[in-house]
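The values are calculated or read from the model by the stated rules, or taken from the named source; none is laboratory data. Computed from a predicted structure; not experimentally measured. A quick note on method: Cβ atoms are made from the backbone with ideal geometry, for glycine too, and the neighbour counts reach across all protein chains shown. Areas reflect the complete protein model, heavy atoms only, side chains present, ligands, DNA and RNA absent. Shrake-Rupley method; radii C 1.70, N 1.55, O 1.52, S 1.80 Å.
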Amino acid sequence: MKWSALLVAGLIGTSLAMAEPTTFVGVQKALGGSAIVEFTDGGEYVYASPQKDNRPATQAILMGPVPRQSYRYFSQAEEQALLAFKNKKLAAQVKAEVIVSRKKHVAKTQHFDWPKVVLVGNQVCVPELADADGADWKEHLTCITEPGE
């Protein structure tokens with residue numbers, strides 16, 4: 001009884017798997033992280049069925065063991081060039097972020113209109129109140145002598 005149930009279940013499972021059409025997807029090279037993957041047979045076999053209505057197509061599924069791929073690694077000079085390029089790009093990105101952050105900080109802080117003060121020897125000079133905003137404020141100074149110098 002147990003053996004016959006297992007046999008029937010196995011036959012149903014294999015027949016369902018065989019019902020899906022097999023498609024060969026030809027791919028010459030693909031990127032896998034920092035390596036270029038070259039498929040041994042020029043592609044891979046996938047099982048999927050085309051949709052006959054408006055549903056999105058199903059994702060292709062690889063059945064069986066993954067064949068060994070051959071990788072072509074970068075040379076040491078290529079690795080160094082890629083690392084330098086990445087660091088250069090990151091430095092430019094970080095610099096732009098710092099500039100934006102600094103501009104946001106300056107925009108949020110208070111800005112003081114500091115008084116105009118001129119030091120002449122031991123005298124402290126400030127413009128008269130009526131002419132403080134004028135372009136010729138240096139011609140209208142009131143000076144006080146600083147004691148002790």
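For the stretch 136-146, taking the residues that are of a type outside the set (Ser, Thr, Tyr) and touching a strand residue (DSSP E or B) at 6+ places or on another chain (Cβ under 8 Å), the one that is most open to solvent (accessible area, probe 1.4 Å) is identified as LYS138. For LEU90, only one of the following conditions fails: (1) part of a loop (DSSP other than H, G, I, E, B); (2) within 20 Å of the chain's Cα centre (by Cα); (3) of a type outside the set (Asp, Glu). What is its number? Tallying (1) part of a loop (DSSP other than H, G, I, E, B); (2) within 20 Å of the chain's Cα centre (by Cα); (3) of a type outside the set (Asp, Glu), LEU90 fails exactly one: (1). Pairing residues of the stretch 72-94 that are surrounded by 10 or more Cβ atoms within 10 Å (Cβ to Cβ) with residues that are in a helix (DSSP H, G or I), at Cβ distances under 6 Å and at least 6 apart in sequence or on separate chains, gives no pairs at all.
Within the stretch 101-135, if we keep just the residues that are of a type in the set (A, V, I, L, M) and in a loop (DSSP other than H, G, I, E, B), the residue that is surrounded by the most Cβ atoms within 10 Å (Cβ to Cβ) turns out to be ALA132. Filtered by the rule that a residue be more than 17 Å from VAL37 (Cα to Cα) and surrounded by fewer than 10 Cβ atoms within 10 Å (Cβ to Cβ), the stretch 62-71 gives a lone residue, GLY64.
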